[in-house]
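Reviewing the structure listed below.
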Amino acid sequence: MKFATTGGAQKLQCWNTEGIFRLIQSIPSPKAEPFKRWLARVGKERLDEIENPELAMARMQELYEKKGYPKEWIDKRLRGIAVRQDLTDIELILTMLAEATTTKLHRDRDSNGMVPLKKDAQDGGAVAGRTRKDIETQSGKPVISAKNFKQLAARKANTLKVIED
């Protein structure tokens, strides 16, 4: 890529994060070795987390602790993430809608204190509830049911496990 400067056209190298890491790996200088070792360690940790997702959750908890978040907040955050893992796409979207609406209401109303914040949350949830009912009316099917894909997949996996044992 050429880039115009006061000294004339100059070549410009553009790299994404992966490209920069590949470039660093190719540097033969001993000064690059600490960074290369760090890249190798981070890569290994990521592969370990893919194999065992609980390691990623533990790392996330440690990072939040280092940033100074209270333990109670961290626990709630981790529980919220775990709950979302069991939601289907529409359920997740409705949950996100409720959270985003609640946040908007809180900011618009400049709510302070338990009672006003509770009202924001109830109103945000009501928006998602009305949206769910509208989806159900339009589709003729319930959004939340025992036949949801993730629940069905889990049930099938348990059934297969029982049969194999």
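Based on what the data block shows, is T101 of a type in the set (S, T, Y) and closer than 30 Å to G125 by Cβ? Criteria met by T101.
For beta carbons closer than 7 Å, sequence separation of 6+ or different chains, a first residue in the stretch 117-136 that is basic (K, R) and a second that is assigned to a helix (DSSP H, G or I), the qualifying pairs are R132/L94. Number of residues in the stretch 91-122 that are of a type in the set (V, I, T) and within 16 Å of the chain's Cα centre (by Cα) equals 2. May I ask you to verify whether E45 is within 30 Å of E18 (Cα to Cα), part of a helix (DSSP H, G or I) and either β-branched (V, I, T) or free of Cβ contacts under 8 Å to residues at least 24 places away in the same chain (or both)? Considered against the rule, which asks whether it is within 30 Å of E18 (Cα to Cα), part of a helix (DSSP H, G or I) and either β-branched (V, I, T) or free of Cβ contacts under 8 Å to residues at least 24 places away in the same chain (or both), E45 comes out as yes.
Please determine, by comparing only the residues of the stretch 13-30 that are over 28 Å from R59 (Cα atoms) and exposed (fewer than 10 other Cβ atoms within 10 Å of the Cβ), which one is nearest to the chain's Cα centre (by Cα). Only one residue fits best here, namely C14. Inside the stretch 78-96, residues that are open to solvent by 60 Å² or more (accessible area, probe 1.4 Å) and either more than 23 Å from I144 (Cβ to Cβ) or part of a helix (DSSP H, G or I) (or both) make up a count of 7. Annotation: of all residues in the stretch 110-139 being among the polar types (S, T, N, Q) and in a helix (DSSP H, G or I), the one that is least open to solvent (accessible area, probe 1.4 Å) is T131. Can you spot a residue in the stretch 59-77 that is in contact with a helix residue (DSSP H, G or I) (Cβ under 7 Å, 6 or more places away or on another chain), open to solvent by 100 Å² or more (accessible area, probe 1.4 Å) and in a loop (DSSP other than H, G, I, E, B)? No, the conditions are met nowhere in the stretch 59-77.
For beta carbons closer than 9 Å, sequence separation of 6+ or different chains, a first residue in the stretch 6-32 that is touching a residue at least 12 places away in the same chain (Cβ under 8 Å) and a second that is among the basic types (K, R), the qualifying pairs are I24/K36; Q25/K36. Residues in the stretch 63-102 that are of a type in the set (K, R) and touching a Leu at 6+ places or on another chain (Cβ under 7 Å): R84 alone. Within the stretch 29-54, the set of residues being over 27 Å from L78 (Cα atoms) and not hydrophobic (A, V, I, L, M, F, W, C) comprises S29, P30, K31, E33, P34, K36, R37.
Residues in the stretch 140-165 that are modelled with pLDDT of 65 or more and either hydroxyl-bearing (S, T, Y) or open to solvent by less than 90 Å² (accessible area, probe 1.4 Å) (or both) were compared, and the one that is nearest to I93 (Cα to Cα) is V143.
The values are calculated or read from the model by the stated rules, or taken from the named source; none is laboratory data. Note that the structure is a prediction, hence the values are computed from the model and not measured. FYI the Cβ positions are ideal-geometry reconstructions off the backbone, even for glycines, and counts take in every protein chain you see. Accessible surface areas use protein heavy atoms only, side chains included; no ligands, DNA or RNA. Shrake-Rupley method; radii C 1.70, N 1.55, O 1.52, S 1.80 Å.
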